[in-house]
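**Student:** There's a structure below that I have some questions on.
The values are calculated or read from the model by the stated rules, or taken from the named source; none is laboratory data. Only a predicted model underlies this, so the values are computations on that prediction, with no experimental measurement involved. Neighbour counts are summed over all protein chains in view; Cβ atoms, including those assigned to glycine, are modelled from backbone coordinates with ideal geometry. With ligands, DNA and RNA removed, areas are computed over all heavy atoms of the protein, side chains included. Shrake-Rupley method; radii C 1.70, N 1.55, O 1.52, S 1.80 Å.
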Amino acid sequence: MTHSFRILRLVLASGFALLTAGLIVAAAAYFYIAPQLPPIERLKEVQLQVPLRVYSSDGALMAEFGEQRRIPVRYRDLPQHVIDAFLATEDDRFFVHPGVDYQGLVRAAVELIRTGQKRQGGSTITMQVARNFFLSSEKTYLRKLTEIFLALKIERYLSKQEILELYLNKIYFGHRAYGIGAAAQVYYGVPIDHLTLAQTAMIAGLPKAPSSNNPVSNPERALERRNYVLGRMRELGFIDEEQYRAAIAEPDDASLHTPKVDVEAPWVAEMVRAYMVDHYGEQAYSAGYQVYTTLDRGRQEAANRALRSALLAYSRRHGYRGAADHVDLPQESDTETRRAAIRRIPSLAGLERALVLSVKDKSARLQLADGTAVELGWEGISWARPYRSVNHRGPEPKSATEVLKAGDLVYLEALDEGAWRLAQRPRVAGALVSLRPRDGALQALVGGFDFHSSKFNRATQARRQPGSSFKPFIYSAALAKGYTVASLFNDAPVVFDDPSLETTWRPENYSGKFYGPTRMRVALTHSRNLVSIRLLQAIGPRYAARYVQRFGFKPDQIPKDLSLALGSGSATPMEMARAYSVWANTGFYVEPYYIERILDSSGAELYRANPEVACPECEQSADEEKPAAETTPAAADTESRAAGEDQAAQGEPEVRHARRVVEATNVYLMTTMMQDVIRRGTGRRARVLGRKDLAGKTGTTNDQRDAWFCGFNGAVVTTVWVGFDRVRPLGIGETGSRAALPMWIDYMRVALNGVPETVMAQPPGLVSVRIDPGTGLRLPPGRAGGIFELFRSDNVPQRYSEPEDRQGGGSAASEDEEPLF
């Protein structure tokens, strides 16, 4: 008895000594570690790495940039089965322990004594938060003690709900998915409230081993882990037997889902990305900025379709270059083998990749990249005459076997009602820019056929000769100099022996014909080159070069010789759209912009655009206003825009009025001339739109190297361009009216849908006078015939037309300078 009592006393004393020693060690450890613990307050203001997201004006996602995909979720938005799944697999006592689960620590200690290995860490969710936010993942006793003390400290500072929210938004789930919100999107393409019980269990099983338990990389092991989580949920009473069996039986359909882009505008998204990095540095990719652009979703989608349709049409006109690739597959090859073969050729925006399975006389059977089999009819094949050169094609095919053979890898274009057409990657390039002329807001922009094939933004980076689309600026300069729309210039051969040129220059009209004395209105309508040259010669190239700078062109873009009359300078499609905005908004210079506002991760507004707005009714009285000819060139606009940004940052900014750079009478006269281009000139294809408020100008450079159309009404201004990246001829007949104008028409048909016709109000100071169309002079009273023409009241012709004034010529001519096909 005494012996037993001694043993008991010894055990109790030893236990007490051990306990005391443990407490002393714990206290010492605490006092050693506590001063080094990071401030928990940082968790209240933690900035999770959230990617940069770019949206259209109506909130449609355009792009996402950043290494970590994360969609932060608030605790109140978490479905209960999501909470239960993570508690079941990670920490079922989370809501009852103080941050450290002592039962779990005892189990971990027993495991360490039994095996000598740290296999079970006994980590709670709070301890994982401490580790993920403050500590490294190294396995040492000191780090474990620090983790415990941090967890206890966190529990005193944050609620259980706040801790769980931090945890579920921080942890890594594999495939760049951080947080439960991103995991739901990456693996199942749905928000968390759309996850099934089985899908939730699959995701809840990932944090322990995101690579080895991954349903995409290792589906069998992931399924085992999912079923384990479901079993734990049943054991803990989170789900019943029926729910468990149904979830176990549910097949898993996990696959990788990229961010769902609602509107395809990769070139604009890249412009935004570059802007954000330039202004916010590398944190632009992780600070959760939300950038809302000025882009109109419907117009952007129309721009994509219009550009691709125009470039594919050009490609068809010049012949079929053959299959993109060829594979020899056995006839019994299965669908997956064929799909793998199709992946040998790159995907292209707007086209489907396909493998030719069999060819008949007038049709072919093909398999698409998704495994679908389709029939390609003769209507989709018959265009494919062999390409010989830019100006020559081979004979028309008589049968499909002359074009295709089994094993060919080709592209298909989807048509209406399920039909298909054989296609090919266009070698030609193009661009489209559309602005709101009132303030320069970008409505749509396409920088090429396929962004992933070429990220070069032809809309903003390709400096090309604008050709005849530049002529309106020269004509406007002539009006400002005192000429009228009825002024006559001789459309006749001219030879220039300019010392600055290597050879004698003999410019011609596109048709090679000459039309004699021609009024300015007729010359612009039909794009008469020789008239434009003589007009520029009359006003002086240096004067014209200075004048056109008010439209935003820089001096280094403008040659100061007579070639300027034919658009020999250089400009991007964006610069041409900006310049044509001056016509569309009645004479004001506006700078294009594409970012409407920038929000931080909490939704607070960091920036809002405050563009200058064209406002004719806001102008000063005419006697206080400076003449437009004295206006400072538009290149000085940078300082003004910077002032507007400062105002925007300080609160609700005042409305900023754009500067008038061209007199209202000049703009009105020029607009009527460019309306004639569409009514009866080189742009008359656009009459198919059935509108009377459209104006514009075609543009074609020497040897058809560039094709343009710049057009507008009061609501939209749009510039389109077609050409090769490495400058070379587009081919005979590929003028602005043929290669570019159809793109403009297809886009504007959608862009102006529902937009009422806008008639530009005639400004004061213009009068209508009856003139002789052959001389441009006033028609004497009582003489029959003539036409009415507009003149500035101080610039009406004083002379009356006499029979001897008539020289014949081009004023009555109706032949197009740029023929239609």
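**Student:** Hey, with R₀ at 41 Å, roughly what FRET efficiency would S389 and R463 work out to, going by the Cβ-Cβ distance, to 0.05? Each step should come with its number before you reach the end.
**Tutor:** Details: r = 27 Å, r/R0 = 0.66.
So the FRET efficiency works out to roughly 0.90.
**Student:** What share of Cα pairs, in percent, lie more than 25 angstrom apart in segment 680-810? The partial results should precede the final answer.
**Tutor:** Working: 4265 of 8515 pairs.
More than 25 Å apart: 50 percent of the Cα pairs in segment 680-810.
**Student:** Now, a different point. State, to one decimal in nm, how far the label point of V727 lies from the label point of V750, with both points 7 Å from Cα in the Cβ direction.
**Tutor:** 3.2
**Student:** On to the next question. When ligands, DNA and RNA are left out and all protein chains stay put, how many square angstrom of accessible area per residue does segment 696-750 have with a 1.4 Å probe?
**Tutor:** Accessible surface, normalised per residue, equals 26 Å².
**Student:** Taking 19 Å as the cut-off for C-alpha to C-alpha distance, list the pairs among K153/K208; K471/K560; K160/K208 that go past it. Don't skip to the end; give the middle numbers.
**Tutor:** On the way: K153/K208 24 Å; K471/K560 14 Å; K160/K208 21 Å.
Among K153/K208; K471/K560; K160/K208, the Cα-Cα distance tops 19 Å for K153/K208; K160/K208.
**Student:** If the chain between R365 and K560 were fully stretched, how many nm would it gain, using 0.36 nm times the residue separation less the Cα-Cα distance?
**Tutor:** Details: separation 195, 0.36 × 195 = 70.20 nm, distance 5.89 nm.
Answer, rounded to one decimal: 64.3 nm.
**Student:** Residues with beta-carbon under 9 Å from that of R297, excluding R297: net charge, scoring Lys, Arg +1 and Asp, Glu -1? Don't jump to the answer; show the numbers that get you there.
**Tutor:** On the way: positive: R299; negative: D58, D262, D296, E301.
Around R297, the surrounding residues sum to -3.
**Student:** Next question. Could you run the Karplus curve 6.51 cos²θ - 1.76 cosθ + 1.60 with θ = phi - 60° over segment 86-95 and give me ³J(HN,Hα) per residue in whole Hz, x for Gly and Pro?
**Tutor:** Along segment 86-95, the couplings run 6, 5, 5, 9, 10, 5, 6, 9, 3, 7 Hz.
**Student:** To the nearest 0.05, what FRET efficiency results for R783 and E508 with a Förster distance of 51 Å applied to their C-beta separation?
**Tutor:** Details: r = 36 Å, r/R0 = 0.70.
Working from the Cβ atoms, E equals 0.90.
**Student:** Let me ask you something else. Arranged from highest to lowest average of other beta-carbon atoms within 10 Å per residue, in what order do the peptides 467-480, 563-576 appear? It would help to have the intermediate numbers written out before the result.
**Tutor:** Values: 467-480: 25.8, 563-576: 23.7.
Ranked by mean Cβ neighbours within 10 Å, highest first: 467-480, 563-576.
**Student:** Still on this structure, please answer the following. How do the peptides 752-765, 535-548 rank, highest first, by the average count of neighbouring beta carbon atoms within 10 Å per residue? Don't jump to the answer; show the numbers that get you there.
**Tutor:** Numbers: 752-765: 13.1, 535-548: 18.8.
Listed from highest to lowest mean packing, they are 535-548, 752-765.
**Student:** Additional query: Using θ = phi - 60° and the Karplus form 6.51 cos²θ - 1.76 cosθ + 1.60, what ³J(HN,Hα) does each residue of segment 437-449 get, whole Hz, x for Gly and Pro?
**Tutor:** Values, residue by residue: x, 4, 9, x, 5, 5, 9, 7, 8, 10, x, x, 6 Hz.
**Student:** For R74 and E242, FRET efficiency with R0 = 25 Å and r from the beta-carbon atoms, rounded to 0.05? Write out the running numbers ahead of the final one.
**Tutor:** Working: r = 31 Å, r/R0 = 1.23.
Approximately 0.20, to the nearest 0.05.
**Student:** Continuing with the same structure: Counting only heavy atoms of the protein chains, get the accessible area per residue of segment 432-559 (1.4 Å probe) and round it to a whole Å² value.
**Tutor:** On the way: 4490 Å² over 128 residues.
That works out to 35 Å² for each residue.
**Student:** A further question follows. So which GluC sites (Glu not before Pro) in segment 311-367 end up in coil per DSSP with only 12 or fewer other C-beta atoms within 10 Å? Walk me through the numbers on the way to the answer.
**Tutor:** Values: sites: E332, E336, E352; in loops: E332.
Those satisfying the criteria are E332.
**Student:** Right, here's the next one. Which cross-chain or sequence-distant (5 or more) residues have an amide H under 5 Å from the amide H of L766, H modelled 1.01 Å from N in plane?
**Tutor:** When sequence neighbours closer than 5 places are left aside, the close amide H contacts are S793.
**Student:** Further, regarding this structure: Sort 738-749, 307-318, 232-243 by the packing proxy (mean of other Cβ within 10 Å over each peptide's residues), most packed first. Numbers along the way, then the final one.
**Tutor:** Details: 738-749: 25.6, 307-318: 21.2, 232-243: 15.2.
Those peptides, ordered most packed to least, come out 738-749, 307-318, 232-243.
**Student:** Here's a follow-up. Kindly write out, for segment 766-774 in residue order, the coupling ³J(HN,Hα) from the Karplus curve 6.51 cos²θ - 1.76 cosθ + 1.60 (θ = phi - 60°), rounded to whole Hz, with x marking Gly and Pro.
**Tutor:** Running phi through 6.51 cos²θ - 1.76 cosθ + 1.60 with θ = phi - 60° gives 10, 10, 9, 10, 7, 10, 7, x, x Hz.
**Student:** Roughly to the nearest percent, how much of the accessible area of segment 679-780 is carbon and sulfur, given a 1.4 Å probe? Walk me through the numbers on the way to the answer.
**Tutor:** On the way: 1880 of 3790 Å².
Ligands and nucleic acids excluded, carbon and sulfur give 50 percent.
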